[in-house]
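Let me begin by presenting the structure, written as structure tokens, before commenting on it.
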Amino acid sequence: MPPLCAILLLFSKVYGLLGNIVQPDALVRAQLGDTVTLPCFHPSKQVTCVSWLKQPLGLKPQLVAIVSKYQPNATFFNEFKNSKRLSVNAEKESFNLTVSQVEPSDSATYYCTVVHFMEMSFGEGTTLMVMGSKSNNRTVVLQQPESESLQPGDSVTLQCSVHTEICAGEHSVYWIRQGSGESPPGIISTHGTRSDECQRSSGAVSPTQSCVYNFLKRNLSSSDAGTYYCAVATCGKILFGSGTKLDFEGGELSRLVLLSIIRTGVLCCILPIFILTYCKKA
């Protein structure tokens, strides 16, 4: 982690800045075509700006929208400027983001941020998972098993099968764990396509490939309980498997989840500086 990022994260925890913003939903699952609202609650005093950031899996964060006390109408940025599917609702102590007709490209972690006294605070983030991979006729993501009941010390192999049309560039596979409680999801493993994992075929319409990825966890404990999702980044989209739930007999589910590299990336440098500058000039 770069030194400045570590300092920003430390100051956020020491001074309680992250606690000023409440994003009540750590994980939101949606089917293709659904409409979802991501709520954000924040203190009303001395707030200069409130904004939403979007960070797709494994990519840099993107600024979605900002509203300031000087310009109550939200300003959208980048490819979100002309989007008819995104809207925000700004109230005195809330700034909610609504995504309609959700698409696979909407899968990402969304962060609500607040600027007050030229200090920037981050919410814990809400991860939106757009499910319904089976309805996508280009890619299908299947996970096995659906659930496992385990004892401490057991081992388990999670399997992710990806059947997709071959497009430009290889796909990447991520394993994401959603623990108990309201902890944000965390990336626990990443790897890309390897030739020995995939079989290619020449179909009548288009060439396809089938890949199988195994994720082995040994010497499990109750802290490993949760739902594990296979996420596949392919052809400019991110698709999720239905998840595998790991339960432990007679054990308590841990509320601790590995700190996601997604939040670390959001705290780093360029976007916070841009937002602070924007709010100062607004």
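Coordinate-derived values only; no laboratory data. Computed from a prediction, not measured in an experiment: that's the story for all the values here. A quick note on method: Cβ atoms are made from the backbone with ideal geometry, for glycine too, and the neighbour counts reach across all protein chains shown.
Quick one: order Ser121, Ser105 by neighbouring beta-carbon count within 10 Å, fewest to most.
Ser105, Ser121
Measure off 7 Å from each Cα along the Cα-to-Cβ vector at Ser210 and Asn78, then give the distance between these two points in nanometres to one decimal.
In this crude label model, Ser210 to Asn78 measures out at 3.7 nm.
Let's test the formula: R0 of 41 Å, r as the Cβ-Cβ distance of Lys60 and Ser155. What FRET efficiency results, to the nearest 0.05?
Once the sixth-power term is evaluated, E becomes 0.70.
Given the pairs Lys92/Lys237; Lys54/Lys84; Lys92/Lys245, which span a C-alpha to C-alpha distance of over 27 angstrom in this model?
Too far apart for the 27 Å limit: Lys92/Lys237; Lys92/Lys245.
Take Thr35, Thr98, Thr109, Thr244 and order them by how many other Cβ atoms sit within 10 Å, fewest up front.
Fewest-to-most Cβ neighbours within 10 Å comes out as Thr35, Thr98, Thr244, Thr109.
If packing is taken as the mean number of other Cβ atoms within 10 Å per residue, what is the order of 150-157, 112-119, highest first?
112-119, 150-157
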